[in-house]
Every structure is written in C-alpha cells, then in structure tokens.
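The structure appears right after this line, and notes come after that.
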C-alpha cells in the first residue's frame, strides 16, 4: 500500500460503508449521507470534473471508476488528464496497467476483481501481485466464504461490492474480513 493511501484505508475502517453512485440523484443522496467515501461509477467527460469537485467540496473522498467515464480513455494520457484536471482522490479500475499509471500520478488505487470461479480467483491473485493496487474490491461481495478466501489470497485491504442490499450483507462482509463495503443501496449509506 502506498503511503498516500493509508489515510484512505483508515477512513474506510472508521466508516466502512462506501456510496456507489451511478447518477445525479444518487450523488445528491450520497452527498447528504454520513458516508465519507463515494465511488463514482458512471459519468461522462462533460460531468466528471464538477462531480468530483462537488464531492471534495462536501469534504468527502472521491474515487472515480476510470473504465466507465464516457468520452475518456483509461490510457496513460487519460490517467494524466484525470490526475491533473479532474483530481479525484483515487481511481477504480479492472485493469492492471491503469493501476500503475494512476500510481505514477500519486492517486490511490482500487482494483476490481470479479470472483466468478476458481480460475477468476487465480487470475485475480496474479493481477493483484503484478499491479500492487492500494485496495482490492471483489464482486459480488455477498459470499462470506469468497470474502474470507479473498482476504487470505490478496495481501491488500479488501472491499466487498456488488449486490450488497441489506444490513446483514454489510455485517457479513465486514465480519468475513472486508474493511469496507461499497453499495448503491442508499438506505445502507446511513449505517
């Protein structure tokens, strides 16, 4: 973990529910909620700048899913533009190269891994070892056993995400070893 990411990890541990936002209505709800971190999962090049500015102005930490910004390629130049012009606190990506490019620009990194089967776990372990992101997010985040397996397999702090819909899902993920839970379910942002 990069020294710059430690305060973010500490922030997640203190306030483990992360708002996963896909639209403007959800963004308004997330800004009003007691969550400290917002994952901006879908945006466009025309909106992402003011969205990240607004998140930071409200004193919250902004992570941008760089693979899902319409009109912006998550390549070396795109990452430079994101770091210099949009200025999120960190990025989310499924791509190892994006993790490295973001780290070159001193952005905190979350690498998403889809744990669909044993092969996906093996590939994920290989990708995480190669990219060395600050945090790993596994999807879906519902299975206690999968979370425990991921915690023991990855030498990175773990976030569980995807299909988190109830308090029980949040508590199960945290008790299984995840340090945080990302969810688009606005009612859980109050936890």
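Every condition in (1) outside any loop (DSSP other than H, G, I, E, B); (2) surrounded by 20 or more Cβ atoms within 10 Å (Cβ to Cβ); (3) touching a helix residue (DSSP H, G or I) at 6+ places or on another chain (Cβ under 8 Å) is met by residue 133 except one, and the failing one is (1).
Can you spot a residue in segment 23-38 that is at pLDDT below 95, under 15 Å from the mean Cα position of the chain (by Cα) and not in a helix (DSSP H, G or I)? Within segment 23-38 (the criterion being at pLDDT below 95, under 15 Å from the mean Cα position of the chain (by Cα) and not in a helix (DSSP H, G or I)), the answer is no, since none of the residues qualifies. Given the criteria crowded, with 22+ Cβ neighbours inside 10 Å and in contact with a helix residue (DSSP H, G or I) (Cβ under 6 Å, 6 or more places away or on another chain), does residue 110 qualify? No, not satisfied. Candidates in segment 20-39 are the residues that are in contact with a helix residue (DSSP H, G or I) (Cβ under 6 Å, 6 or more places away or on another chain) and within 13 Å of residue 65 (Cβ to Cβ); of these, the one that is surrounded by the fewest Cβ atoms within 10 Å (Cβ to Cβ) is 21.
Summed over segment 65-116, residues that are in a strand (DSSP E or B) and farther than 20 Å from residue 156 by Cα total 2. Keeping to segment 148-191, report how many residues are in a helix (DSSP H, G or I), touching a strand residue (DSSP E or B) at 6+ places or on another chain (Cβ under 8 Å) and over 20 Å from residue 134 (Cα atoms). The total comes to 5. Among residues of segment 1-22 being within 17 Å of residue 161 (Cβ to Cβ), in a loop (DSSP other than H, G, I, E, B) and out of contact with any strand residue (DSSP E or B) (no Cβ under 6 Å at 6 or more places or on another chain), the one that is modelled with the lowest pLDDT is 22.
Residues of segment 29-38 include none that is in contact with a strand residue (DSSP E or B) (Cβ under 7 Å, 6 or more places away or on another chain) and over 30 Å from residue 172 (Cα atoms).
The values are calculated or read from the model by the stated rules, or taken from the named source; none is laboratory data. Note that the structure is a prediction, hence the values are computed from the model and not measured. Using ideal geometry, Cβ is built from the backbone for each residue, glycine included, and neighbour counts are taken over all protein chains shown.
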